[in-house]
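Let me begin by presenting the structure, written as structure tokens, before commenting on it.
The values are calculated or read from the model by the stated rules, or taken from the named source; none is laboratory data. In this text the structure is predicted, and so the values were computed from the model without any measurement. Quick reminder, even Gly has a Cβ in these numbers, built from the backbone with ideal geometry, and neighbours come from all protein chains shown. When the accessible area is computed, the model is the full protein with side chains, heavy atoms only, and any ligands, DNA or RNA have been set aside. Shrake-Rupley method; radii C 1.70, N 1.55, O 1.52, S 1.80 Å.
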Amino acid sequence: MTPPTQPPSAVVFDCDGTLVDSEICWHRAYTTLFGHHDRVFTPDHHDTLIGQPLPVVGRVLTTALGVPDHHGSRLIGDILDLVTAELAAGAPARLGAVHLVRELAALGYPLAVASSAPRDLVHQHLAGAGLTDAFTAVLGGEDADQPKPHPDIYLRACAALGATPARSIAIEDSPPGVDAARAAGMYVIGVPGRPQLVLASHLTVRDLTAPHLRRVLGLPPAAPTARRAAPTAPPTSVAGEHRAAH
């Protein structure tokens, strides 16, 4: 799939792991929860859970922790309590996220967030990053009839912006999110949080400062960081040099 005509009709971001580096908070919360059940939280568990909607998280947790299926709702509540406590200190924005969103908003790009997380948690992330006012639409897990990897939330985000999905771009960090955006007919840029995570995105970049990402979005190359010239020291005596060294 080729990128849409520039500029795209809309740009829709996932939140957790894409705009904010909250995955470390989720990782600590899951590690704590697994420890409460005398289990070890592994990278395979992480890759299975990343980007999943809460009902799927509940089913995965009951299996991984060896508890009856009807405990899924309680486990969802437990993990939300734990991750909320972790996030209270604030999750940092991913590299380049704030600048990119601000640049797109200043150029008049229609922007939305389409997340599997609860909407209140998404707003908390955006407020922490100072991006609350940058998005026309913010959708959480409760805004979709069917969760990712179904395309529902991306179709709704595009509809909220009055944008055609085929002319819009999604930016995602997880396999379910990438699959959802592709199923919606969007061009997908993948920004995995871990290099080992393979995404079926049309373009995969290391972070939100990548030149290829900017090119696909129709943005000019980022200005190089100016190097500050080293000050020229006036001639000094040998004794003066000796004093300066201390």
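What the table below lists for this structure:
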{"quantity": "The listed residue being within 16 Å of the chain's Cα centre (by Cα), at negative phi and not polar (S, T, N, Q), out of Pro43, Pro118", "calculated": "Pro118"}
{"quantity": "Where a residue in the range 197-226 is of a type in the set (D, E, K, R) and its partner, wherever it lies, is open to solvent by 50 Å² or more (accessible area, probe 1.4 Å), with Cβ under 7 Å and at least six apart", "calculated": "Asp207/Leu95; Arg214/Pro221; Arg214/Ala222"}
{"quantity": "Hits in the range 49-70 (condition: part of a helix (DSSP H, G or I) and either open to solvent by 50 Å² or more (accessible area, probe 1.4 Å) or in contact with a His (Cβ under 7 Å, 6 or more places away or on another chain) (or both))", "calculated": "Pro55, Arg59, Thr62, Thr63, Ala64, Leu65, Asp69, His70"}
{"quantity": "The range 148-193 - residue that is of a type in the set (Ser, Thr, Tyr) and in a loop (DSSP other than H, G, I, E, B) and, of those, least open to solvent (accessible area, probe 1.4 Å)", "calculated": "Ser174"}
{"quantity": "Count of residues meeting criterion [under 17 Å from Leu49 (Cβ atoms) and under 18 Å from the mean Cα position of the chain (by Cα)] in the range 81-94", "calculated": "5"}
{"quantity": "Complete set of residues in the range 17-29 that are open to solvent by 10 Å² or more (accessible area, probe 1.4 Å) and touching a helix residue (DSSP H, G or I) at 6+ places or on another chain (Cβ under 7 Å)", "calculated": "Trp26, His27, Arg28"}
{"quantity": "Subset of the range 71-122 [at pLDDT below 90 and surrounded by 21 or more Cβ atoms within 10 Å (Cβ to Cβ)]", "calculated": "Val83, Ala91, Ala117"}
{"quantity": "Test result for Pro43, surrounded by fewer than 19 Cβ atoms within 10 Å (Cβ to Cβ) and modelled with pLDDT under 95", "calculated": "yes"}
{"quantity": "Single residue of the range 198-215 satisfying the filter (closer than 14 Å to Val188 by Cβ and β-branched (Val, Ile, Thr)) that is modelled with the lowest pLDDT", "calculated": "Val198"}
{"quantity": "Single match in Thr209, Thr132, Thr164, Thr204 (criterion: more than 16 Å from the chain's Cα centre (by Cα) and of a type outside the set (Gly, Ala, Ser))", "calculated": "Thr164"}
